[in-house]
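Okay, structure first, notes after.
Quick note: the coordinates plus some simple rules give every number you see, no bench work behind them. Just so it is clear, the structure is predicted and the values come from calculations on it, not from any experiment.
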Amino acid sequence: MTLTAEPVARSLTTPRASTATARDPRLDVFRGLAMFIILIAHVPGNFLALWIPARFGFSDATEIFVFC
C-alpha cells in the first residue's frame, strides 16, 4: 500500500472563493491622500508645502499609513 500526498497538495493549492473580500475604497482614498501629501512635502520650492498637516501640529502623512 502506497500513500500519496496528492489530495493534501490539491487542498492546499486550490483557491477558496469564500475567503476573498472586496477592497474598501475608503482606505484607497486615504492612501492616495497620504501619497499626495508626501509628494507635496518633498517637492522643493513648492508653495503648497506650507499647507500640509504637519505644519499645523497634526500628524504627518506617515501616520495616515500607520492608521490604515
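Taking 0.36 nm per intervening residue step and subtracting the Cα-Cα distance, what contour gain separates V29 from S59 on full extension?
Between V29 and S59, full extension yields 9.1 nm more.
Suppose the chain between W51 and A20 were pulled fully straight at 0.36 nm per residue; how much longer would it get relative to their current alpha carbon spacing?
7.2 nm
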